[in-house]
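I have placed the structure first, in the form of structure tokens, so that the comments after it can refer back to it.
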Amino acid sequence: MASKRINRELKVLCEEYGEENIIVDDITTDTGRYIELKKKITINKNKSIIVSCSDYPFKAPTLLINNKEYYEFFKTKSKRILKLLHENGNVGCMCCSSILCNWTPTYTFKSILKEIENFNNIKRQIKYKIFMDEFYKSSKYPKFVMTYILEFL
């Protein structure tokens, strides 16, 4: 059952991102008691989804971005960034509100990739906001000018 679903989801990814941008590798691990089969799906050379064929979709896949755990990609300890996350994205913590932390079998590889896009957009807006705040502090422009610039970005 899992392999059917994985193949169906791979087909959707190939349609969305182009077959040439999807690489699938089989990973076999001998634990001593049994042999575990996993699939490593690489998208656009920098995002890898590692799926245990026996547990998926009931257990969340492992996600790597640039060979780092997904959670590391979004983790921050800055109170300023956390405050802006809450204001701009209505998110308290990106890694805690991730679908991988709140996994259900209804999620797919595509929903994971859409979440990454969404989180990247939120991060970009926060960077712009921080830049504009710092620029405003060091310039003589009125606040409304900064607001217009930020809205444009």
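Every number here is computed from the coordinates shown, using simple stated rules; none is lab data. Keep in mind that what you see is a predicted model, and the values were worked out from it rather than measured. Here the Cβ is made from the backbone with ideal geometry for all residues, glycine too, and neighbour counts use every protein chain on show.
Assorted remarks:
- Wholly within the range 1-66, strands (runs of 3 or more DSSP E) carrying at least 2 residues that are closer than 18 Å to TRP103 by Cα: 47-52, 62-65
- Pairs are defined by a Cβ separation below 6 Å, a sequence spacing of at least 6 or placement on different chains, a first member in the range 32-61 that is farther than 15 Å from ILE112 by Cβ, and a second member that is assigned to a strand (DSSP E or B) and small (Gly, Ala, Ser); the pairs so defined are LYS38/SER52.
- Breaking point among (1) within 30 Å of ILE6 (Cα to Cα); (2) surrounded by fewer than 16 Cβ atoms within 10 Å (Cβ to Cβ), for VAL145: (1)
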